[in-house]
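As structure tokens, the structure follows; a few thoughts come after it.
Any read-out appearing in this document is the output of simple, stated calculations on the displayed coordinates, not a laboratory observation. The structure displayed is predicted, hence computed values, not measured ones. Neighbour counts are summed over all protein chains in view; Cβ atoms, including those assigned to glycine, are modelled from backbone coordinates with ideal geometry.
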């Protein structure tokens, strides 16, 4: 009997501000109507997407909700889903929050993040004996300062944590936050040695592997995706290495087979916001992994779940059941190839 999935790590409250355009330094810009608070981060986005995809799946959340109104709001939102077990969520400090500036013209987002209590989240905050699940998903690497610290034996404390999860019989899954800088090789690569699933975007994969996927002109080098996925597998990903980007999702399974699935061709006006689209894609992959789907089936569900999330300004409100989101594939079908 399948036991379910635990989503661990960053638990965030997002406050989204729609703006006319992105301003130059020192320039005034108007915040338009549509401001809203929503849950965010790897834990809230992914576990809620999973709960919406399958209300019968057993799910757990692990992380920190602060002793503040934001923490109360976060827990109230998660409690709307009866299949999410919150027993592993601790109240501590100030809730991590992100101010999201959403460009009305381009739908691009810019994030201002306060780490809050998530700064101290680590191995001691997880009781693996109490996790009655099959898959342990954690994110985001590069945004969990304590787990990003070095470890003499495993490279990073995140890698140590993932090894411990595997030693408890759990399949492990990782996600990464996008940033500029040189921390990817130092902090992401050690975690890959203890990851069964890795679901990241093309820029994160490029910085982790050193293989060009999107150049300075914004052009996607699709032909390099197999090499990047091969590198992720060589670095340790045991089962599925997956890369997602606006154009498509691509993956390599445990046999080395490569699969692509084009993103859906969505009509003008369909996209209301892009917050959480990557987490929605990841939720689709995790749902498929938990249910024994093939990688091709996983990518189809993932691109459909990501597309569904784009229907709403918030991260998860556009996501429906797995059967419902997959109907989008027939409506707005992309292409795919092996």
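Give me the one-decimal nm value for the distance between modelled label points at residue 182 and residue 266, 7 Å along each residue's Cα-to-Cβ direction.
3.7
For segment 91-186, take N as its residue count and report Rg(C-alpha) divided by 2.2 N^0.38 Å.
Here the answer is 1.25, to two decimals.
With the contact rule set at Cα under 8 Å and sequence spacing of 6 or more, what percent relative contact order holds for the chain?
15
In nm, what is the difference between 0.36 nm times the number of residues separating residue 223 and residue 294 and their Cα-Cα distance?
23.3 nm
To make sure I understand, if each residue's beta carbon is the centre and we count other beta carbons within 10 Å, what order do 152, 202, 234 fall in, fewest to most?
Listing 152, 202, 234 from fewest to most nearby Cβ atoms yields 152, 234, 202.
Which three numbers, in whole Å and largest first, are the semi-axes of the equivalent ellipsoid of segment 253-326 derived from its Cα gyration tensor as √(5λ)?
Computed over segment 253-326, the values are 23, 13, 10 Å.
What order do you get for 326, 304, 282 when you list them from fewest to most C-beta neighbours inside 10 Å?
326, 304, 282
Full extension from residue 330 to residue 3: what is 0.36 nm times the residue separation minus their Cα-Cα distance, to one decimal in nm?
The span from residue 330 to residue 3 would gain 114.6 nm if fully extended.
Could you line up 115, 174 from fewest to most neighbouring Cβ atoms inside 10 Å?
By the 10 Å Cβ count, ascending, the order reads 115, 174.
On full extension of the chain, what length is gained from residue 67 through residue 254, given 0.36 nm per residue of separation minus the C-alpha to C-alpha distance?
63.0 nm
Among 13, 242, 285, whose mean-square fluctuation peaks in a Gaussian network model of the chain (Cα, cutoff 10 Å)?
Maximum among the listed residues: 13.
Sort all Cα-Cα distances of segment 5-337 into consecutive 20 angstrom bins from zero, then give the percent of pairs in each bin up to the one containing the longest distance.
Pairs per bin, as whole percents: 33, 61, 5.
Would you mind getting me the FRET efficiency between residue 146 and residue 99? Use the beta-carbon distance for r and R0 = 25 Å, nearest 0.05.
0.60
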